[in-house]
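Before any comments, here is the structure.
The values are calculated or read from the model by the stated rules, or taken from the named source; none is laboratory data. Note that the structure is a prediction, hence the values are computed from the model and not measured. In this analysis, Cβ positions are derived from the backbone assuming ideal geometry, glycine residues included, and neighbour counts consider all displayed protein chains.
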């Protein structure tokens with residue numbers, strides 16, 4: 001699915017994804033959920049440590065989710081709050097996700113990945129380091 005999701009075609013795209021999910025292996029879906037849980041845990045720690053200001057998950061099959069955004073993350077850049085869009089995926093889907101959503105920061109995570117590694121990947125994806 002390479003078309004951009006807009007408010008106008010949101011419901012048809014969402015329904016198509018729901019239809020495809022019925023034939024998707026459950027293990028694949030569980031991996032995606034585990035990746036998002038790991039990212040959320042790391043983002044909570046980063047918020048507590050002051051690395052980021054705040055974050056918000058987009059919600060499964062929301063308009064933002066269908067536009068490739070799993071989280072909105074608020075960072076301070078040059079003294080101003082900036083909202084970054086973040087997608088969490090597996091290494092095998094990174095190139096496709098970047099092609100489909102070039103305006104979204106993409107991070108590849110594996111289920112059960114060490115939380116310190118997850119934080120490092122998130123920091124790099126959010127361009128909080130050079």
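List pairs: first residue in the range 88-99 and in contact (Cβ under 8 Å) with a residue 24 or more places away in the chain and at negative phi, second residue loosely packed, with under 14 Cβ neighbours inside 10 Å and assigned to a helix (DSSP H, G or I) anywhere in the structure, Cβ distance under 7 angstrom, at least six positions apart or on different chains. Sorted first by the residue in the range 88-99, then by its partner, the list stays empty.
The residues in the range 86-114 that are closer than 23 Å to residue 75 by Cβ and surrounded by 12 or more Cβ atoms within 10 Å (Cβ to Cβ) can be counted, and the count is 15. If the condition is being part of a loop (DSSP other than H, G, I, E, B) and touching a helix residue (DSSP H, G or I) at 6+ places or on another chain (Cβ under 6 Å), then the range 118-130 contributes only 129. At least 2 residues being in contact with a strand residue (DSSP E or B) (Cβ under 6 Å, 6 or more places away or on another chain), under 27 Å from residue 9 (Cβ atoms) and modelled with pLDDT under 95 is the threshold, and among the helices (runs of 4 or more DSSP H) wholly inside the range 20-117 those reaching it are 26-49, 94-100. Screening 123, 76 for residues that are touching a residue at least 60 places away in the same chain (Cβ under 8 Å), closer than 19 Å to residue 57 by Cα and surrounded by 12 or more Cβ atoms within 10 Å (Cβ to Cβ) leaves exactly one candidate, 123.
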